[in-house]
1. Work through the residues other than D66 whose Cβ is under 10 Å from its Cβ and net out their charges, Lys, Arg +1 and Asp, Glu -1.
2. With a sphere of radius 15 Å drawn around the Cβ of T4, what net charge do the other residues whose Cβ falls strictly inside it have (Lys, Arg +1; Asp, Glu -1)?
3. Give me the net charge of I93's neighbourhood, meaning all other residues with Cβ under 10 Å from the Cβ of I93; Lys, Arg count +1, Asp, Glu -1.
4. May I ask you to derive the relative contact order of the stretch 48-92, considering only C-alpha pairs under 8 Å and at least 6 residues apart, and to give it as an integer percent?
Amino acid sequence: MPCTKCNTEFTLLTWKIKCSDCEMYYCTKCLRKTQGVLYCDKCVVLNKRPPEREKLMELRSKDLQDYLNKNHISTHGLVEKSELVELFYRRAIPAGNKKNQSRLASVLSGSVPNIAAQGQDQINQLKSNINNMRS
């Protein structure tokens, strides 16, 4: 399976990396880091707030439709790209990727400070139980 954008075959030197939003596979040259997250060029344009009309018009209609439908915005009956861009502007789509935010939260919930705090709570509970048994 080659890179979605440039069709470069993946090797040991050209890694296959998934875009954090559309989850398509790209090589390292075709992804950009935005606010610490890797996005393809298309997703950078779609996630920019406020959106840039000129950049949206450069995207394929299919990409706009897919993005709007993924965010539960019906594109039924819309044919022209300009109609899709207008719909994009009319409907508020929150910036950022909730999936990545929840993934980050789950990673941080198992971080060393949290584990240490949980361990200390368990030690205190055991001490309390031992003191209660001695009384």
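1. On the way: positive: K42, R60, K62, K70; negative: D63.
Summing Lys/Arg as +1 and Asp/Glu as -1 gives +3.
2. Charge balance in the 15 Å sphere: +2.
3. Numbers: positive: R49, K70, R91; negative: none.
Around I93, the charge tally is +3.
4. It rounds to 41 percent for the stretch 48-92.
Only the coordinates and a few stated rules stand behind these numbers; no lab work does. Just so we're clear, the structure is a prediction, and the values are computed from it rather than from any experiment. Note: ideal-geometry Cβ built from the backbone for every residue, glycine included; neighbour counts use all protein chains shown.
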